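*Asks:* Pasting a structure here, questions to come.
The values are calculated or read from the model by the stated rules, or taken from the named source; none is laboratory data. Values in this document were obtained by computation on a predicted structure and should not be read as measured data. Every residue, glycine among them, receives a Cβ derived from its backbone with ideal geometry; neighbour counts consider all protein chains shown.
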């Protein structure tokens, strides 16, 4: 395990198996559930929007990623139960859930299967139905699965960051040429947004440390029939970019219509990274934090 300036990873021996985790900050507990691919490092990037003096962000690697073995926790429901087991290990009775993309189903099912444990849900472009990844061409596969591809992406991020950001945003959204150029300029000139996009790349390599989790995610996401969203009782905020090419925006609008009392915030011309890169990102991030804090006080 590699210690970073943002978190110190540990292994929790829970009732359902080992989980790589870290707790960052103090205050209301919030489980941060990363997407596909990802790991605890991706959760740490997500948690940058959470105040360290108000929220204790519980970062983790989902099964098959980095330091958390897949073991018997392959299914979405087992992953949800593993999140509850981690809370048990930490002595946390109730926590908020902040989830993104392919981590959405596990976050939603935690609220369905363990309703008293969840104070609120902040769902960012969260998958809610069967998802099948589009075909991947050979150059893209080589870029994200081989050592030379990793070296090339790292070199691009280090020496041509603006071009790197352009590629990341183009790959995660259906933006016009003018929209893309404007968004790249906005992200490149904002230190927090630029750092997020550049750092995110390291969490997307499908090497031996993430390959098992990624393959399992694709299998489990494709097999979704219903997440029983209508049974969720926790206050829920759904965030979605309208130009997201990775997750159909209807996943979020449907979830907001189905979860009782849920609210949806649509970011116009927002990509899959909208919560972190959109011009309105800071305002929406404040809404996310406000929900998580208000719910913790109830």
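*Asks:* With respect to residue 20, is the statement that it is in a strand (DSSP E or B) and surrounded by fewer than 17 Cβ atoms within 10 Å (Cβ to Cβ) true?
*Replies:* So residue 20 does not fit the description; no.
*Asks:* How many of the residues making up segment 200-223 are surrounded by 15 or more Cβ atoms within 10 Å (Cβ to Cβ) and over 21 Å from residue 60 (Cβ atoms)?
*Replies:* 0
*Asks:* Scan (1) in contact (Cβ under 8 Å) with a residue 60 or more places away in the chain; (2) surrounded by fewer than 18 Cβ atoms within 10 Å (Cβ to Cβ); (3) assigned to a loop (DSSP other than H, G, I, E, B); (4) in contact with a strand residue (DSSP E or B) (Cβ under 7 Å, 6 or more places away or on another chain) for the single condition residue 51 breaks and write down its number.
*Replies:* Answer for residue 51: the failing condition is (4).
*Asks:* Now for a different question. On the basis of being touching a strand residue (DSSP E or B) at 6+ places or on another chain (Cβ under 8 Å) and within 20 Å of residue 134 (Cβ to Cβ), does residue 242 make the cut?
*Replies:* Against the criterion (touching a strand residue (DSSP E or B) at 6+ places or on another chain (Cβ under 8 Å) and within 20 Å of residue 134 (Cβ to Cβ)), residue 242 qualifies.
*Asks:* Still on this structure, please answer the following. Assess whether residue 92 counts as being at pLDDT 95 or above, surrounded by fewer than 24 Cβ atoms within 10 Å (Cβ to Cβ), under 17 Å from the mean Cα position of the chain (by Cα) and more than 29 Å from residue 241 (Cβ to Cβ).
*Replies:* The answer is no for residue 92.
*Asks:* Scan segment 258-296 for residues that are more than 26 Å from residue 175 (Cβ to Cβ), surrounded by fewer than 22 Cβ atoms within 10 Å (Cβ to Cβ) and touching a helix residue (DSSP H, G or I) at 6+ places or on another chain (Cβ under 9 Å) and jot them down.
*Replies:* Listed by number, the residues that qualify are 258, 260, 262, 289.
*Asks:* Of all residues being within 18 Å of residue 230 (Cβ to Cβ) and over 8 Å from the mean Cα position of the chain (by Cα) in segment 96-105, which is surrounded by the fewest Cβ atoms within 10 Å (Cβ to Cβ)? Just the residue, please.
*Replies:* The extreme case among them is 105.
Residue by residue, here is whether (1) assigned to a strand (DSSP E or B); (2) out of contact with any strand residue (DSSP E or B) (no Cβ under 8 Å at 6 or more places or on another chain) holds:
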position	(1), (2)
26	no, no
31	yes, no
37	no, yes
43	no, no
70	no, yes
73	no, no
77	no, yes
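*Asks:* While we're on this one: Suppose we filter 180, 237 for residues that are buried (at least 16 other Cβ atoms within 10 Å of the Cβ), within 24 Å of residue 141 (Cβ to Cβ), modelled with pLDDT of 95 or more and in contact with a strand residue (DSSP E or B) (Cβ under 9 Å, 6 or more places away or on another chain); which single one remains?
*Replies:* Just a single option satisfies the conditions, and that option is 180.
*Asks:* Being part of a loop (DSSP other than H, G, I, E, B), touching a residue at least 60 places away in the same chain (Cβ under 8 Å) and over 16 Å from the mean Cα position of the chain (by Cα) narrows it down to one residue among 225, 271; which is it?
*Replies:* Exactly one residue qualifies, and that residue is 225.
*Asks:* Still on this structure, please answer the following. Could you tell me whether segment 18-30 includes any residue that is under 27 Å from residue 225 (Cβ atoms) and either free of Cβ contacts under 8 Å to residues at least 12 places away in the same chain or touching a helix residue (DSSP H, G or I) at 6+ places or on another chain (Cβ under 9 Å) (or both)?
*Replies:* Checking segment 18-30: at least one residue is under 27 Å from residue 225 (Cβ atoms) and either free of Cβ contacts under 8 Å to residues at least 12 places away in the same chain or touching a helix residue (DSSP H, G or I) at 6+ places or on another chain (Cβ under 9 Å) (or both).
*Asks:* Moving on. Can you tell me which residue in segment 158-182 is farthest from residue 268 (Cα to Cα), limited to those that are touching a residue at least 24 places away in the same chain (Cβ under 8 Å) and over 21 Å from the mean Cα position of the chain (by Cα)?
*Replies:* Of everything passing the filter in segment 158-182, 161 is farthest from residue 268 (Cα to Cα).
*Asks:* Identify the single condition in (1) at pLDDT 95 or above; (2) in a helix (DSSP H, G or I); (3) crowded, with 18+ Cβ neighbours inside 10 Å that residue 126 does not satisfy, given that it satisfies every other one.
*Replies:* (2)
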